[in-house]
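The values are calculated or read from the model by the stated rules, or taken from the named source; none is laboratory data. What you see is a predicted model; the values in this text were computed from it and never measured. Positions of Cβ are backbone-derived with ideal geometry, glycine not excepted, and every protein chain shown enters the neighbour counts. Areas reflect the complete protein model, heavy atoms only, side chains present, ligands, DNA and RNA absent. Shrake-Rupley method; radii C 1.70, N 1.55, O 1.52, S 1.80 Å.
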There are 2 protein chains.
Amino acid sequence: MQAVFWMTAGLLCLAPGLSSAQRPRPCRSPLLYTGSFTVGTQNEKLWAVGNYAYDAVNQRIYLGEVGRYNNNSFIYDVLFLFDEGVLYEINRQNQTCVKEALHSDFHPMQVPKDAAFVSQVVLGSNSSLVQGLLVNNWRGYIPGITDHYFVSFTEFGCFPVLMLIQTKDFGWVGLSYYNNILGADPNCFIPPPFCEDATLVENEDGKVTNFFSVFH
Amino acid sequence: MQAVFWMTAGLLCLAPGLSSAQRPRPCRSPLLYTGSFTVGTQNEKLWAVGNYAYDAVNQRIYLGEVGRYNNNSFIYDVLFLFDEGVLYEINRQNQTCVKEALHSDFHPMQVPKDAAFVSQVVLGSNSSLVQGLLVNNWRGYIPGITDHYFVSFTEFGCFPVLMLIQTKDFGWVGLSYYNNILGADPNCFIPPPFCEDATLVENEDGKVTNFFSVFH
């Protein structure tokens, strides 16, 4: 499957190719932004949509998602505060909160430095302004963590667009990112009042792998 | 899986929603354009990349793709001339050509008229010009042909961006479209010289379902 990335589509009417001087370099996303995502898996176990707020300055991420896992609906609302070493799993309906130790380091959202460049393409069209979006496609391999991955980031702004991540539990996991807006409401990162009384829980290993922290 | 499309992601920090007056309508793509695509299937039987030239004025489509099907590499180079009722399967390496009867009507590239609107989203970001692409997402059901489908077209220009089509043979089929350019080299639609002597072959039913003609 991966091998096909190396086949250039240099057929009759188009012969794409970038010289090394024009070759994009792995980029890091903006420091502070808000957006939405959809995630689906090859084995159809998981399907979800949600929003995120990402703050690389203060090393914190808010995620709110609704979806289906193994045919059961779920709501997952979580706040990662990496510099404090805690995460909050928030249930707004029941006004309950689980506060857990978080031993993972914050990993900025970026194209991995050792990713291999695949292609630069225009989504839509660049025959006219505002009808196209220039994105760079990358691939790589992180043994034991993601196996193979394929990621797509915008050339201008370095926003994530698409990630395809090979996993043991789900097969390929597809993550689509959209509605990115620079900046974030700071209240997104403040635990709600009913979290104040939550006592710290040590989970199994205190390590978290989420789709913002998989790449480093 | 489909049901999740109806769940609005109205969680903490974003509450998307369009009033009916702002609701996009199904659109038809430009009449003449050239582009590239990648196709992959849920069951991993098929993976291919290729180019197309689309001409709705003269009802003709050129497709050139390379890929893997059931772990075997293939090259597929085909010219559909709907108004003449023929298609040419072209082997440029061997300079051979198969000319087949084509009884399918030409179906323009468009969002099906009865598609249900799912959402309007910005790929990338609209915090700054050229960092985002406004697309409309649609879903629908064509019993016996595609079952469920999900398609994404640009708001400006009505170029295809993504199609997810549920099939019996492949599971979900994902088609990504990019590098669309208005216009096409007319030579793309002229059969190569070695096709002149090809005799017309009636294939099994003379009907073709390709990803440009699935929707009507």
- Determine whether residue A:123 is surrounded by 14 or more Cβ atoms within 10 Å (Cβ to Cβ), within 14 Å of chain B (Cβ to nearest Cβ) and closer than 23 Å to residue A:63 by Cα. no
- Task: Collect the residues in region A:22-38 that are assigned to a loop (DSSP other than H, G, I, E, B) and either on the phi > 0 side of the Ramachandran plot or hydroxyl-bearing (Ser, Thr, Tyr) (or both), keeping them in residue-number order.
- Result: A:29
- Message: Testing residue B:97 on (1) over 21 Å from residue B:193 (Cβ atoms); (2) open to solvent by 20 Å² or more (accessible area, probe 1.4 Å), one condition comes back false. Which one is that?
- Response: (1)
- Note on the structure: Residue hits (region B:165-190; of a type in the set (A, V, I, L, M) and at the interface with chain A (Cβ under 9 Å from one of its Cβ atoms)) are B:181, B:182, B:184
- Message: For residue B:76, only one of the following conditions fails: (1) touching a residue at least 60 places away in the same chain (Cβ under 8 Å); (2) of a type outside the set (Lys, Arg); (3) surrounded by 14 or more Cβ atoms within 10 Å (Cβ to Cβ). What is its number?
- Response: (1)
- Residues (in a loop (DSSP other than H, G, I, E, B) and either closer than 12 Å to residue B:56 by Cβ or touching a strand residue (DSSP E or B) at 6+ places or on another chain (Cβ under 6 Å) (or both)) located in region B:95-111: B:102, B:106, B:107, B:108, B:109, B:111
- Item | Members of region A:79-94 that are open to solvent by less than 30 Å² (accessible area, probe 1.4 Å) and assigned to a loop (DSSP other than H, G, I, E, B) | A:82, A:85
- Those residues of region B:39-73 that are open to solvent by 30 Å² or more (accessible area, probe 1.4 Å) and in a strand (DSSP E or B) come to a total of 7
- Item | Residues of region A:44-76 satisfying the condition of being polar (S, T, N, Q) and within 9 Å of chain B (Cβ to nearest Cβ) | A:51, A:73
